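A.B. asks: I'd like to ask some things about the structure below.
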Amino acid sequence: IHFTYAVYDLSEVCIRNLLFFREELVMNKIEKCKINKSEIIIILVLTVITSLEPLCIDTYISSFMDIAKSLNTSVANVQATLSVFLGGFAVGQLFWGAISDAVGRRLPILVSLVAFTIATVMCALSTSVEFMWAARFFQAFFGCAPVVISRAVITDSFGASKILFAFSVLAITQ
């Protein structure tokens, strides 16, 4: 239930911020920075998939005690899942940037989102803390791809006058 509210709140904030920035650009009559509908959609999609990674941290930290109880382990072992997650994120940054440069942007994002979903289900179905560590590593590794690749998509898709705007909207969710 908390996850649903978090996603709803996050999407509401993203849409509100995009509309605010668009309205402000139109009000200031900055023609060279005017964002069209397709660019807003690109920014919105990138913002949503980029926000999955921080959401994976924020939604489960408050339930460390419950996770420790359900896995019959100590809270310290559950806290280690956060370290493993950050390690997977670090390794993923090295991997996904090079892959997206070699293969393209779309395929790595799609593959990583599918693998991220599988890893997330594995986390939910964990029966031991060791399995949870492995699942959290892969969740971060695959969840890192949209974070890394979205920045490349922005630099590929937007002109110099719009890049700063796109990055600032993307940074709001993180």
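The values are calculated or read from the model by the stated rules, or taken from the named source; none is laboratory data. Predicted, not measured: the structure shown is a model, and the values here were computed from it. Heads up, the Cβs are rebuilt from the backbone with ideal geometry, glycines too, and the neighbour counts pull from every protein chain shown. Only protein heavy atoms, including side chains, enter the accessible area calculation; ligands, DNA and RNA are left aside. Shrake-Rupley method; radii C 1.70, N 1.55, O 1.52, S 1.80 Å.
A.B. asks: How many residues does segment 20-35 contain that are open to solvent by 70 Å² or more (accessible area, probe 1.4 Å) and modelled with pLDDT of 60 or more?
C.D. replies: Qualifying residue count, segment 20-35: 1.
A.B. asks: Regarding Phe165, is this residue surrounded by 14 or more Cβ atoms within 10 Å (Cβ to Cβ), free of Cβ contacts under 8 Å to residues at least 24 places away in the same chain and in a helix (DSSP H, G or I)?
C.D. replies: No: the conditions fail for Phe165.
A.B. asks: Listed residues Thr127, Thr81, Thr120; which is touching a residue at least 24 places away in the same chain (Cβ under 8 Å), more than 18 Å from Leu46 (Cβ to Cβ) and open to solvent by 80 Å² or more (accessible area, probe 1.4 Å)?
C.D. replies: Exactly one of Thr127, Thr81, Thr120 is touching a residue at least 24 places away in the same chain (Cβ under 8 Å), more than 18 Å from Leu46 (Cβ to Cβ) and open to solvent by 80 Å² or more (accessible area, probe 1.4 Å), namely Thr127.
A.B. asks: Report yes if Ile57 is modelled with pLDDT of 85 or more, out of contact with any Gly (no Cβ under 6 Å at 6 or more places or on another chain) and under 21 Å from Arg105 (Cβ atoms), otherwise no.
C.D. replies: no
A.B. asks: How many residues does segment 58-78 hold that are under 26 Å from Ile172 (Cα atoms) and surrounded by fewer than 16 Cβ atoms within 10 Å (Cβ to Cβ)?
C.D. replies: Of the residues in segment 58-78, 5 are under 26 Å from Ile172 (Cα atoms) and surrounded by fewer than 16 Cβ atoms within 10 Å (Cβ to Cβ).
A.B. asks: Here's a follow-up. Pairs, please: C-beta under 6 Å, at least 6 apart or cross-chain, first residue outside any helix (DSSP H, G or I) and in segment 44-65, second open to solvent by 30 Å² or more (accessible area, probe 1.4 Å)?
C.D. replies: Here the result reads Ser51/Leu10, each pair linking segment 44-65 to a residue that is open to solvent by 30 Å² or more (accessible area, probe 1.4 Å).
A.B. asks: For segment 85-108, which positions are touching a helix residue (DSSP H, G or I) at 6+ places or on another chain (Cβ under 8 Å), over 9 Å from Cys144 (Cβ atoms) and open to solvent by 80 Å² or more (accessible area, probe 1.4 Å)?
C.D. replies: Result: Leu86, Asp101.
A.B. asks: From the set of residues in segment 152-162 that are out of contact with any Phe, Trp or Tyr (no Cβ under 8 Å at 6 or more places or on another chain) and closer than 18 Å to Ile109 by Cα, which is surrounded by the fewest Cβ atoms within 10 Å (Cβ to Cβ)?
C.D. replies: Asp156
A.B. asks: Among the numbered criteria (1) over 13 Å from Ile49 (Cα atoms); (2) in contact (Cβ under 8 Å) with a residue 12 or more places away in the chain, which single criterion is violated by Phe142?
C.D. replies: (1)
A.B. asks: Conditions: (1) touching a helix residue (DSSP H, G or I) at 6+ places or on another chain (Cβ under 9 Å); (2) free of Cβ contacts under 8 Å to residues at least 24 places away in the same chain; (3) over 21 Å from Pro54 (Cβ atoms). Ala160 meets all but one. Number of the miss?
C.D. replies: (1)
A.B. asks: May I pose another question? Conditions first: (1) in contact with a Cys (Cβ under 7 Å, 6 or more places away or on another chain); (2) open to solvent by 70 Å² or more (accessible area, probe 1.4 Å). Thr47 passes all but one, so which condition is the exception?
C.D. replies: All conditions pass for Thr47, except number (2).
The rows are residues; the columns are (1) part of a helix (DSSP H, G or I); (2) more than 18 Å from Ala68 (Cα to Cα); (3) out of contact with any helix residue (DSSP H, G or I) (no Cβ under 9 Å at 6 or more places or on another chain).
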position	(1), (2), (3)
Leu110	yes, yes, yes
Leu113	yes, yes, no
Thr120	yes, no, no
Cys123	yes, no, no
Trp133	yes, no, no
Gln139	yes, yes, no
Gly143	yes, yes, no
Val147	yes, yes, no
Arg151	yes, yes, no
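A.B. asks: Please pick out the residue among Ile40, Ile67 that is aliphatic (A, V, I, L, M), at pLDDT below 90 and over 13 Å from the mean Cα position of the chain (by Cα).
C.D. replies: Ile40
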